[in-house]
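The next block holds one structure in the form of structure tokens; read it before the comments.
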Amino acid sequence: MKQKEEPQRKDTGMLRGLSEHLWVYRGCINVGIVRDGNKALFIDFGAGKVLKETPALGIKKIDTIMFTHHHRDQACGVRLIDENETKIGVPEAERSWFEDVARYWNAAEHRWHLYNFHPHHLMLAEPVRVDVTYADGDMVEWGSACISVVSTPGHTDGSVSYVVDVDGQRNVFCGDLLYGEGQLWELYSLQKGVVTRDYHGFLGAREQLVSSLRKIQKLRPSRLVPSHGTIITEPDSAIETLVTRLKSCYDTYASISALRFYFPELFADYVNGKDVMPIRRGKPVPEFLRHFETTWILISQDRSAFVMDCGSPSVIEEVQKLQADGTINRVEGLWITHYHDDHVDAAPAFRQAFSCPIIADTHVADIIENPLAWRLPCISPVQVPVDRRTGNGETWRWHEFKMTAYHFPGQTYYHGGLLVEGRGLRMFFAGDSFTVAGIDDYCCGNRNFLGKGIGFDHCITLLEKLKPNLIFNCHVDQAFDFTPEQYRFMHANLSKREKQYRELLAWDNPNYGIDEHWIRCFPYEQHVTAGSIVRLQVVITNHSTEPRCATCRAVFPDAWGPVAADFARIIVPPKREGAVSLRWRVPRNVQQGRYVVPVDVIYGDRFLPQIAEAIIQVVK
């Protein structure tokens with residue numbers, strides 16, 4: 001055994017020897033290197049920096065690259081290889097996501113009204129030529145190695161793992177099935193609906209992931225080599241710990257999830273559990289309120305109306321009926337709780353129909369006034385002009401009611417809450433953030449931050465302070481409230497969840513692994529002319545307790561030819577957001593079309609190639 005492991009003592013730079021014919025390059029991802037004389041077969045490729053290291057192994061030719069899955073960080077460096085001498089192999093189920101990426105980037109369903117996230121938008125920016133595809137059970141003899149293909153979906157729908165039998169050892173290159181013992185790189189790739197849409201499927205691919213891990217476990221590997229993370233020398237322990245943690249994390253999530261109210265049949269196992277918050281009974285709605293679809297209508301004593309959200313033209317028709325039968329005489333305002341399409345799609349038509357101002361929290365207004373600049377779940381392309389932006393705690397009178405607006409980062413970070421006091425009641429309109437079953441945090445893309453005093457913990461604290469008699473959800477036609485015990489239960493649940501996710505995720509703060517947009521490009525999409533100057537910000541949320549250095553660079557389309565791309569750097573304060581400004585000129589000879597411009601980010605000591613992207617639409 002010592003003889004077989006001897007190459008490890010000759011490790012050099014980023015290279016680690018596993019045996020005579022098998023090495024791993026440990027860069028932004030782990031790249032497997034199977035050697036045969038001066039030739040090599042690579043498993044995954046990352047940003048291509050492995051090319052600078054392999055001459056130390058005497059490698060002169062890259063014969064084949066086999067990819068575990070299609071994400072940009074796995075394959076973005078392929079543009080650096082000589083296509084004439086290297087064969088590209090990919091999972092059969094993901095071939096189109098290598099060859100035909102334009103189909104993804106040009107499709108409206110992958111840009112607007114986003115409720116399904118498979119494939120993920122870590123899609124390659126440039127197509128990759130495919131020479132061969134691999135399916136479950138395939139076997140490749142290469143040099144002294146035998147490489148078996150195992151279908152292991154979970155991180156992506158078509159992921160495969162490669163079992164490399166060489167030098168008397170069995171090493172499994174398993175993509176992003178796991179990161180280390182009991183750990184994952186991130187959670188948002190597991191956002192998948194099984195019965196419902198992906199939007200409702202927090203940790204929805206966990207069972208698929210666990211099934212794939214069990215398949216690998218049965219193969220009795222000597223090591224696991226994940227794409228991100230450590231080389232795992234005790235696979236059984238690593239897998240068992242991860243399976244246990246995934247179950248615990250999901251149990252904690254489900255115990256206060258609003259989905260128990262919306263989809264009770266999916267949560268039958270959580271009905272009477274000792275660690276599950278009981279579902280609160282609803283309360284009668286005051287006679288001066290009306291509910292329709294996702295809209296609440298507040299009616300004053302003189303029959304004026306203040307409306308909350310408008311996602312459908314049928315809401316306009318309903319208000320017009322109330323006018324026709326004398327229930328209301330005029331509409332005096334439209335409050336938008338959050339940016340989701342089922343709350344804003346018909347807002348401009350509503351404003352035109354009733355000549356009333358639109359009011360929204362400033363975080364909400366930023367998105368609905370300029371949706372082209374954002375890529376978020378459930379986003380609508382409809383531009384909504386906001387007449388009044390409210391600040392946190394801003395108060396005004398409306399007839400016999402006192403209104404107080406709040407930034408309410410619950411279901412989504414970009415969310416407002418409205419306290420309405422009057423007629424002997426304190427009523428809180430919480431948008432979609434709470435139901436009688438608990439909190440609506442079932443989509444990573446909504447940016448539900450964990451931590452004391454932020455995200456839902458902040459929202460719960462605010463409700464405790466305001467002590468509303470009635471709470472209203474836009475999708476529910478009844479009122480509700482919470483007991484002090486339930487508030488404490490939800491606080492404790494979120495605190496427990498933060499600790500669990502800190503163990504589960506490979507970051508110093510779990511929000512990096514659940515906040516899909518902690519690095520984002522702003523504006524997300526721009527329409528420009530050839531020859532014009534483009535200005536782009538890379539916005540970075542530092543979830544850590546210490547300052548972090550971020551260095552960013554744009555990666556331009558091959559069709560543009562050479563474009564200067566300097567690095568820009570910023571120090572982001574802890575628990576704050578910072579922005580790196582990038583600037584370049586679009587070449588004058590660029591044809592009209594839709595181009596993907598990813599950004600490379602070095603964050604602290606981690607290189608994150610093409611971690612986010614912007615869309616540049618070149619027009620006349």
Quiz item: What are the residue pairs meeting all of these: first residue in the range 217-234, first residue over 25 Å from Cys28 (Cβ atoms), second residue hydrophobic (A, V, I, L, M, F, W, C), Cβ atoms under 9 Å, and 6 or more apart or on different chains?
Solution: Gln217/Ile239; Leu219/Val150; Leu219/Val163; Leu219/Val172
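Does Leu418 count as in the same structural domain as Ala347 (by TED's automatic domain parsing), surrounded by fewer than 20 Cβ atoms within 10 Å (Cβ to Cβ), in contact (Cβ under 8 Å) with a residue 24 or more places away in the chain and among the aliphatic types (A, V, I, L, M)?
Values: in the same structural domain as Ala347 (by TED's automatic domain parsing): yes; surrounded by fewer than 20 Cβ atoms within 10 Å (Cβ to Cβ): no; in contact (Cβ under 8 Å) with a residue 24 or more places away in the chain: yes; among the aliphatic types (A, V, I, L, M): yes.
No; evaluated as a whole, the condition is false for this residue.
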Exercise. Would you mind stating whether Asp481 is touching a strand residue (DSSP E or B) at 6+ places or on another chain (Cβ under 8 Å) and without any contact (Cβ under 8 Å) to a residue 24 or more places away in the chain?
Key: no
Quiz item: How many residues are in a strand (DSSP E or B) and more than 22 Å from the chain's Cα centre (by Cα) if we restrict to the range 439-483?
Solution: 5
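Looking at Phe117, is it under 28 Å from the mean Cα position of the chain (by Cα), buried (at least 22 other Cβ atoms within 10 Å of the Cβ) and farther than 26 Å from Arg197 by Cβ?
Details: under 28 Å from the mean Cα position of the chain (by Cα): yes; buried (at least 22 other Cβ atoms within 10 Å of the Cβ): yes; farther than 26 Å from Arg197 by Cβ: no.
Considered against the rule, which asks whether it is under 28 Å from the mean Cα position of the chain (by Cα), buried (at least 22 other Cβ atoms within 10 Å of the Cβ) and farther than 26 Å from Arg197 by Cβ, Phe117 comes out as no.
Those residues that are on the phi < 0 side of the Ramachandran plot and either hydrophobic (A, V, I, L, M, F, W, C) or in contact with a Gly (Cβ under 6 Å, 6 or more places away or on another chain) (or both), I need them from the range 218-242; list them, please. Can you show your working first?
Applying the first criterion (on the phi < 0 side of the Ramachandran plot) to the range 218-242 yields 218-219, 221-228, 230-242.
Within the range 218-242, Leu219, Leu224, Val225, Ser227, Thr230, Ile231, Ile232, Ala238, Ile239, Thr241, Leu242 meet the criteria.
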Exercise. Select from the range 211-252 the residues that are part of a helix (DSSP H, G or I), of a type in the set (A, V, I, L, M, F, W, C) and more than 24 Å from Ile514 (Cα to Cα) and list them in ascending order.
Key: Ile216
Quiz item: Of (1) closer than 17 Å to Leu242 by Cβ; (2) within 18 Å of the chain's Cα centre (by Cα); (3) surrounded by fewer than 18 Cβ atoms within 10 Å (Cβ to Cβ), Ser211 satisfies all except one. Which?
Solution: (2)
Quiz item: Got a number for residues in the range 20-46 being at positive phi and part of a strand (DSSP E or B)?
Solution: 0
Practice problem: Kindly list the number of the only condition in (1) within 27 Å of Asp605 (Cα to Cα); (2) surrounded by 24 or more Cβ atoms within 10 Å (Cβ to Cβ) that fails for Glu234. | Solution: (2)
Self-check item: Subset of the range 262-312 (residues that are surrounded by 21 or more Cβ atoms within 10 Å (Cβ to Cβ), in contact (Cβ under 8 Å) with a residue 40 or more places away in the chain and not in a loop (DSSP other than H, G, I, E, B))
Solution: Thr295, Trp296, Leu298, Phe306, Val307, Met308
Exercise. Determine the pairs where a residue that is more than 14 Å from Cys28 (Cα to Cα) and assigned by TED's automatic domain parsing to the domain that holds Val34, located within the range 66-83, has a partner that is acidic (Asp, Glu) and surrounded by 16 or more Cβ atoms within 10 Å (Cβ to Cβ) with Cβ atoms under 7 Å apart, the partner being 6 or more residues away or on another chain.
Key: Phe67/Asp44; Thr68/Asp44; His69/Glu94; His70/Glu94; Arg79/Glu126
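Would you mind stating whether Val172 is crowded, with 22+ Cβ neighbours inside 10 Å and at pLDDT 95 or above?
Numbers: crowded, with 22+ Cβ neighbours inside 10 Å: yes; at pLDDT 95 or above: yes.
Yes, satisfied.
Can you tell me which residue is surrounded by the most Cβ atoms within 10 Å (Cβ to Cβ) among those in the range 335-364 that are among the small types (Gly, Ala, Ser) and more than 28 Å from the chain's Cα centre (by Cα)?
Going through the range 335-364, the residues among the small types (Gly, Ala, Ser) turn out to be 346-347, 349, 353, 355, 360.
Restricting the remaining residues to those that are more than 28 Å from the chain's Cα centre (by Cα) gives 349, 353, 355.
Working: Ala349: 15, Ala353: 17, Ser355: 9.
Among those that are among the small types (Gly, Ala, Ser) and more than 28 Å from the chain's Cα centre (by Cα), it is Ala353.
The values are calculated or read from the model by the stated rules, or taken from the named source; none is laboratory data. This one's a predicted model, so the numbers in the text were calculated from it and none came from an experiment. All Cβ positions, even for glycine, are placed from backbone atoms using ideal geometry, and neighbour counts span all protein chains on display.
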